[in-house]
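Asker: Provided herewith is a single structure, encoded as C-alpha cells, for subsequent inquiry.
Any read-out appearing in this document is the output of simple, stated calculations on the displayed coordinates, not a laboratory observation. Owing to the predicted nature of the structure, the values given are computational and were not obtained by experimental measurement. Neighbour counts run over all protein chains shown; Cβ positions are idealised from the backbone, glycine included.
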Amino acid sequence: MTPEEKLDGMIASVGIKKKASFNRSEVCRALGISERTFWRYVTTHEPDPKTGKGVHPWTLDSYKIHSHHRVRYEELVSFLSRNRTYERNHAPDTQTLSLPGFG
C-alpha cells in the first residue's frame, strides 16, 4: 500500500473528505495523535537549508491562516512515507535479538 492510499484510508475512516489541506483537529483524528503531539510535530519542524525538507522525519511542515495551523495533503503523505522508511531503516535486527543474551 502506498503512503497516499494509506492516508486516503485513514482520513476516510474518521469521516474526513480528501482536500488540499487539513486543520489541527482533522490531522489529529486522521493520524490518531493527541493535540500535544500535533504541536510538538509542527513547532519542532525545521527545514534543512540545502534540501528544504524537514531535518527530523517525525515533524510536520505547516502554515498558518490567522492563528490556525494547516497541514497540506502532500505533507501528510510525505510524513507517512518518511516515517515508514525511518522505522524500516532504524529497526532493530530481529536476528540479533535472538542471539543468547539478547532476548
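Asker: So which residues in region 20-47 are out of contact with any helix residue (DSSP H, G or I) (no Cβ under 7 Å at 6 or more places or on another chain), touching a residue at least 12 places away in the same chain (Cβ under 8 Å) and charged (D, E, K, R)?
Answerer: GLU26, ARG29, GLU46
Asker: Within region 1-44, which residues are in contact with a Phe, Trp or Tyr (Cβ under 9 Å, 6 or more places away or on another chain) and part of a loop (DSSP other than H, G, I, E, B)?
Answerer: Hits for region 1-44 are ILE16, LYS18, LYS19, ALA20, ILE33, THR44.
Asker: Output the residue which, of all residues in region 30-88 that are among the basic types (Lys, Arg) and more than 18 Å from GLU5 (Cβ to Cβ), is surrounded by the fewest Cβ atoms within 10 Å (Cβ to Cβ).
Answerer: Filtering region 30-88 for residues among the basic types (Lys, Arg) gives 36, 40, 50, 53, 64, 70, 72, 82, 84, 88.
Subsequent filtering for residues that are more than 18 Å from GLU5 (Cβ to Cβ) retains 36, 40, 50, 53, 64, 70.
On the way: ARG36: 9, ARG40: 15, LYS50: 6, LYS53: 11, LYS64: 9, ARG70: 17.
Restricting to residues being among the basic types (Lys, Arg) and more than 18 Å from GLU5 (Cβ to Cβ), the top hit is LYS50.
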